[in-house]
Amino acid sequence: EAPVVVGTVDATQYGGGVNSVDVYDQWVAIALEAEVQTDSGVVVLFHTDDLTYSHQFTVGPLPDMLVFTKDGTLLTANEGQPSIDYTHDPPGSVSIIRNAVSPNEAEVIHAGFDGYSVAELKAKGVRISVDVDEAAKDLEPEYIAVSPDGATAYVTLQENNALAIVDIKNASVSDIVALGTKDHRLPGNALDVSDRDNAIAIETWPVSGLYMPDGIAAFD
């Protein structure tokens, strides 16, 4: 009811910028992208009582979001964005860190998308936004929601208008599901399609839209 500042962590020594924070028991974890965004990022853990450094793990490029499960497993959504000039485009992935609060017992596994082809995903309705030969390069995990039983992670693939479903126990992507389109001809789906007429004109239109999901949450 009356929160107070406990302290501040200077994260500049660990990476290029903090993208996400989560807390589990007596631990706080932060996800940091690398100084070069296409390089592997890190997850750093601190003690909550005094914010002193404990340990860290290397994860995929550009860890955009991290979350603890109920049993202390730590997941990161590694976006793997391309360089500005598109000369390097690392694959997206989800890192699964078992026993994350116990550095001597921890295990880091990267669940990737190597098993999916561009043609297969396009046939399922998944949006592939650039011309790539490997689907994993274009799949860019943004955010994670964990099912209440802790068995499954639902990961948004924003640019792809899709969700990746991750089997946490087996550390594998079990499916990629396209979210389809929104029919803006239907009542309730009206929108203002112009920013050039200096007017508010929310109407139905004969167009389809994409959901492009970013944040996601799970509930029971």
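Only one of (1) at pLDDT below 95; (2) touching an Asp or Glu at 6+ places or on another chain (Cβ under 7 Å); (3) aliphatic (A, V, I, L, M); (4) open to solvent by 50 Å² or more (accessible area, probe 1.4 Å) is not met by residue 201, so which one is it?
(4)
I need the strands (runs of 3 or more DSSP E) fully contained in the stretch 101-197, keeping only those with at least 3 residues that are open to solvent by less than 50 Å² (accessible area, probe 1.4 Å) and touching a residue at least 12 places away in the same chain (Cβ under 8 Å).
Where strands (runs of 3 or more DSSP E) fall fully within the stretch 101-197 and carry at least 3 residues being open to solvent by less than 50 Å² (accessible area, probe 1.4 Å) and touching a residue at least 12 places away in the same chain (Cβ under 8 Å), they are 141-146, 152-157, 162-167, 172-178.
Checking residue 10 against (1) of a type in the set (Asp, Glu); (2) under 20 Å from the mean Cα position of the chain (by Cα); (3) surrounded by fewer than 21 Cβ atoms within 10 Å (Cβ to Cβ), which test does it fail?
For residue 10, the exception is condition (2).
Being assigned to a strand (DSSP E or B), among the aliphatic types (A, V, I, L, M) and more than 14 Å from the chain's Cα centre (by Cα) is the filter here, so list the residues in the stretch 44-70 that pass it.
Within the stretch 44-70, 44, 45 qualify.
Can you tell me which of 51, 32, 45 is over 18 Å from residue 75 (Cα atoms) and either at pLDDT 95 or above or in contact with a strand residue (DSSP E or B) (Cβ under 8 Å, 6 or more places away or on another chain) (or both)?
Within the list 51, 32, 45, the selection yields 51.
The values are calculated or read from the model by the stated rules, or taken from the named source; none is laboratory data. None of these values were measured; they are calculated from a predicted model. As a convention, Cβ positions derive from the backbone with ideal geometry for all residues, glycine included, and neighbour counts pool all protein chains shown. Just so you know, the surface numbers come from the protein's heavy atoms only, side chains and all, with ligands and any DNA or RNA stripped out. Shrake-Rupley method; radii C 1.70, N 1.55, O 1.52, S 1.80 Å.
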